[in-house]
Amino acid sequence: MSELVSIPKIWELLKGFKEWCKRKGWRSDEDEDWIRLDHEYHDFVWTKNVTPSTFRKVTQNPKCTAHEGPLYHVVNASYVAWLFQQPPPDSIVQALIDDSSLYARTALYDFSQVYRGVPTCLKLNATKSQVFKEFEHFLSENWGVMVKASDKA
């Protein structure tokens, strides 16, 4: 049986992860949930749940807001990670699996077990995002959360 774990809410985890990334020399934003590595933006979207149509709209045209000094501009996100507090709907999982180009740039993380006290986060992640790999390492090192591939893939 897994040891019970208590971790902060997702937005607090992301805040800690952004600090972790800054120590690595990666760029992040105080107010937005993205990490910039080289010339690629790795965006994090956290939600309890999302409709399939919203998921499609966001993933088909992934954008995030970046600011430099006083100016804000919209940039293309190379990768998007969806962080779910409840299991993602099967229709979203299937849409991701069925679209290989989407699957190459989109990751799903299911934190529902973590927030029930079990230190396991299920993932669907076929991206080559070094930031997402580092996120998984951060969860393990700092919170004892084991990130495991979902059996739905």
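The values are calculated or read from the model by the stated rules, or taken from the named source; none is laboratory data. What you see is a predicted model; the values in this text were computed from it and never measured. As a convention, Cβ positions derive from the backbone with ideal geometry for all residues, glycine included, and neighbour counts pool all protein chains shown.
Report whether or not Leu108 is assigned to a strand (DSSP E or B) and closer than 22 Å to Ser6 by Cα. Quick ask: steps written out before the conclusion?
On the way: assigned to a strand (DSSP E or B): yes; closer than 22 Å to Ser6 by Cα: yes.
Yes: the conditions hold for Leu108.
Is there any pair with a first residue in the range 22-36 that is at pLDDT below 95 and a second that is surrounded by 19 or more Cβ atoms within 10 Å (Cβ to Cβ) and hydroxyl-bearing (Ser, Thr, Tyr) whose Cβ atoms are under 9 Å apart and which are 6 or more apart or on different chains, and what are they?
If the second residue must be surrounded by 19 or more Cβ atoms within 10 Å (Cβ to Cβ) and hydroxyl-bearing (Ser, Thr, Tyr), the pairs left are Lys22/Ser28; Trp34/Ser28; Trp34/Tyr41; Ile35/Ser28; Ile35/Tyr41; Arg36/Ser28.
Just for the range 85-96: of the residues that are in a loop (DSSP other than H, G, I, E, B) and without any contact (Cβ under 8 Å) to a residue 40 or more places away in the chain, which one is surrounded by the most Cβ atoms within 10 Å (Cβ to Cβ)? Don't jump to the end; show me each part of the working.
Keep residues of the range 85-96 that are in a loop (DSSP other than H, G, I, E, B), which gives 85-89.
From the residues that got through so far, the ones that are without any contact (Cβ under 8 Å) to a residue 40 or more places away in the chain too are 86-88.
On the way: Gln86: 12, Pro87: 17, Pro88: 23.
So the residue we want is Pro88.
Taking the options His42, His67, name whichever one is more than 22 Å from Lys123 (Cβ to Cβ) and either part of a strand (DSSP E or B) or of a type outside the set (Val, Ile, Thr) (or both).
Numbers: His42 fails: more than 22 Å from Lys123 (Cβ to Cβ).
Only one candidate qualifies: His67.
Any idea how many residues of the range 73-84 are surrounded by 12 or more Cβ atoms within 10 Å (Cβ to Cβ) and part of a strand (DSSP E or B)? Before you say what the answer is, go through the steps one by one.
Let us first name the residues in the range 73-84 that are surrounded by 12 or more Cβ atoms within 10 Å (Cβ to Cβ), namely 75, 77-84.
Now drop any that are not part of a strand (DSSP E or B), which leaves 75, 79-84.
Residues in the range 73-84 being surrounded by 12 or more Cβ atoms within 10 Å (Cβ to Cβ) and part of a strand (DSSP E or B): 7 in total.
Hey, can you tell me all the residues within the range 97-121 that are surrounded by 22 or more Cβ atoms within 10 Å (Cβ to Cβ) and either aliphatic (A, V, I, L, M) or in contact with a helix residue (DSSP H, G or I) (Cβ under 6 Å, 6 or more places away or on another chain) (or both)?
Listed by number, the residues that qualify are Thr106, Ala107, Leu108, Val114, Cys121.
May I ask you to list the residues in the range 111-153 that are closer than 19 Å to Ser28 by Cβ and in a loop (DSSP other than H, G, I, E, B)? Write out each step before concluding.
We begin by selecting, within the range 111-153, every residue closer than 19 Å to Ser28 by Cβ; these are 127, 129-139, 141-143.
Those that are closer than 19 Å to Ser28 by Cβ and in a loop (DSSP other than H, G, I, E, B): Thr127, Ser129.
Can Lys63 be described as within 20 Å of Val114 (Cβ to Cβ) and basic (Lys, Arg)?
So Lys63 does not fit the description; no.
Which one is nearest to Met146 (Cα to Cα) among residues in the range 102-130 that are at pLDDT 90 or above and among the small types (Gly, Ala, Ser)?
Ser112
Can you name the residue in the range 1-39 that is among the β-branched types (Val, Ile, Thr) and assigned to a loop (DSSP other than H, G, I, E, B) and, of all such residues, is surrounded by the fewest Cβ atoms within 10 Å (Cβ to Cβ)?
Start the filter on the range 1-39 by keeping residues that are among the β-branched types (Val, Ile, Thr), which leaves 5, 7, 10, 35.
Keeping just the survivors that are assigned to a loop (DSSP other than H, G, I, E, B) gives 5, 7.
On the way: Val5: 17, Ile7: 19.
Selected residue: Val5.
Report, by residue number, each residue of the range 24-39 that is out of contact with any strand residue (DSSP E or B) (no Cβ under 6 Å at 6 or more places or on another chain) and within 14 Å of Glu134 (Cα to Cα).
Here is the first cut: in the range 24-39, the ones out of contact with any strand residue (DSSP E or B) (no Cβ under 6 Å at 6 or more places or on another chain) are 24-25, 29-31, 37-39.
Selection gives Lys24, Gly25, Leu37.
So which pairs qualify, if the first residue must be in the range 56-70 and touching a residue at least 24 places away in the same chain (Cβ under 8 Å) and over 16 Å from Arg36 (Cα atoms), the second must be acidic (Asp, Glu) and assigned to a loop (DSSP other than H, G, I, E, B), the Cβ gap must be under 9 Å, and the two must be at least 6 apart or on different chains?
Partner pairs satisfying both residue conditions: Thr59/Asp99.
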